[in-house]
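Where a number appears in this text, it was derived from the coordinates with a stated rule and is not lab data. Quantities reported herein were computed from a predicted structural model and do not represent experimental measurements. No Cβ is skipped: glycine too gets one built from the backbone with ideal geometry, and neighbour counts run over all protein chains shown.
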Amino acid sequence: MIDWFFDDYIQKLIISFTNPQKRVSIGYIGTAILIALFWSVCLQGAKWRCGISNTIRKLFSRNILLSLSAKADYQIMLINHGFLLLAAPFLISKVAFTTYLFFLLHELFPSGSAFLSPLPILIVSILYTIFLFLLDDFSKYFTHSMMHRIPCLWSFHKVHHSAEVLTPITVYRTHPLEAIIFSFRGIFVQATSISLFVYLCGDKIDLISIYGVNIFLFLFNITGANLRHSHVQISYGKILEKLIISPAQHQIHHSINSSHHGRNFGAALAIWDLMFGTLFLSEKNMNLVFGLNKKLNPETHRLLNIYILPFKESMLSFAGLRLGSQLSKKKDIRNAV
């Protein structure tokens, strides 16, 4: 147990802050701080000193970083880290799923094998990198929207939205069940992309990456992705925000304002929100309040409530759906008679 704690738990926890494949890597957090400071200078102009002071306060305020909400974020991150390490051996293997999909494609479409193999390696790599990024980003949008729209899933996702202050660590404020769902999502995306391109192009696929990260995801992370969970409102303007989700747009997603509910589900790209009618553009000087409602409730941040209540609420939502279905059937029978 002691060996596991130091060799697995501590080592991989440190990697979370040093590995460029992780959003909260210290390099990404550093660039996010620089971008926030640069933004404040550009926004304030002659009053740039005041702008920098306000931004530093929003990033490093004790009222934010040491709030009950933020402390719950830190605790959830540490607990979930251990839980996912223990659960990992029981999750489906990406290699096994990729192999299964590859042979399934061969069985269903035997004549299409290596159809694109004549293409140059560079072209194949570009196509593969773009396809993987788009599929990954769309799957995040779709899964996220379902977490909001399906009552039993919302019971678990609301743990994330119960955050009343936003910090980069808030990205880890998720119920373990949601973390497992998103793990399966990632496995599905990776396995689908790899199996499809190996089937079509042979073994010459290669990801265009920086430090082992998809180049598009790297650019997204290094250009301030961590500011999405912060109190620094950075807008990309009306045109660019129809293509890319800005930090301000994700902060809108966390707002308790009813007009903001069900908006901006996108991860990196805003095109999915635009296509499906869930896009909400940012405005100047928005006064956003985060959390589930205006009334601050310390019970929201109790670990027992965070981990246990979602199961209770999920079961109640199932019971409500079942009761509603039964009542609907009885009503249909009465109408038929």
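Quick one: longest stretch of the chain between exposed loop trypsin sites (Lys or Arg not before Pro), exposed meaning at most 10 other C-beta atoms within 10 Å and loop per DSSP? Result for the longest clean stretch: 1-283. With a Förster radius of 41 Å applied to the C-beta separation of Leu66 and Val95, the computed FRET efficiency comes to 0.45.
FRET efficiency for Ile2 and Leu122, Cβ-Cβ distance as r, R0 = 45 Å, nearest 0.05?
Details: r = 49 Å, r/R0 = 1.09.
With a Förster radius of 45 Å, E is 0.40.
Rounded if a/c is under 1.5, else prolate if a/b beats b/c, else oblate: with a ≥ b ≥ c from the C-alpha gyration tensor eigenvalues square-rooted, which is region 97-224? Taking the square roots of the gyration eigenvalues as a ≥ b ≥ c, region 97-224 is oblate.
A 26 angstrom limit on the alpha carbon distance is what I want to check against. Which of Lys47/Lys295; Lys58/Lys238; Lys22/Lys295; Lys71/Lys312; Lys12/Lys140 exceed it?
Working: Lys47/Lys295 35 Å; Lys58/Lys238 24 Å; Lys22/Lys295 33 Å; Lys71/Lys312 24 Å; Lys12/Lys140 24 Å.
Where the Cα-Cα span goes over 26 Å, the pairs concerned are Lys47/Lys295; Lys22/Lys295.
In the calculated pair distance distribution of the chain, what percentage of Cα-Cα distances lie above 35 Å? Show your work: numbers first, answer last.
Details: 17311 of 56616 pairs.
More than 35 Å apart: 31 percent of the Cα pairs in the chain.
For the pair Arg302 and Ser258, the difference between a 0.36 nm per residue extended length and the Cα-Cα distance amounts to 13.3 nm. Indicate the gyration tensor shape class of region 207-321 (rounded, prolate or oblate), computed on the Cα atoms with a ≥ b ≥ c the square roots of the eigenvalues: a/c under 1.5 is rounded; otherwise a/b larger than b/c is prolate and the rest oblate. Verdict is prolate for region 207-321. Between Phe182 and Asn54, the modelled label-to-label distance comes to 3.0 nm, taking each label 7 Å out from Cα in the direction of the beta carbon. More than 15 Å apart: what percent of Cα pairs in region 253-299 qualify? When every Cα pair of region 253-299 is considered, 50 percent fall beyond 15 Å. Between Leu34 and Ile215, the contour length at 0.36 nm per residue exceeds the Cα-Cα span by 63.1 nm. When the chain is treated as a Gaussian network with alpha carbon springs shorter than 10 Å, the biggest mean-square fluctuation among Ile79, Ile33, Ile252 belongs to Ile79.
At a Förster radius of 30 Å, what calculated FRET efficiency corresponds to the Cβ-Cβ distance of Leu86 and Cys42, to the nearest 0.05? The partial results should precede the final answer.
Details: r = 46 Å, r/R0 = 1.54.
With R0 = 30 Å, the Cβ-Cβ based efficiency is 0.05.
With a simple spin-label model that places each label point 7 Å from the Cα along the Cα-to-Cβ direction, the separation between Gln11 and Asn287 comes to 5.2 nm. With the simple spin-label model, which puts each label point 7 Å out from Cα in the Cβ direction, the Leu243 to Lys295 separation comes to 4.6 nm. Remark: region 274-283, residue by residue, has Karplus-estimated 3J(HN,Hα) of 5, 5, 9, x, 10, 7, 9, 7, 6, 10 Hz, where x stands for each Gly or Pro and the curve is 6.51 cos²θ - 1.76 cosθ + 1.60 at θ = phi - 60°. When you filter the chymotrypsin sites (Phe, Trp or Tyr not before Pro) in region 54-158 for DSSP loop state and at most 14 other Cβ atoms inside 10 Å of their Cβ, you are left with Phe115. Summing charges over all other residues whose Cβ lies under 15 Å from the Cβ of Leu296, with Lys and Arg as +1 and Asp and Glu as -1, gives +2.
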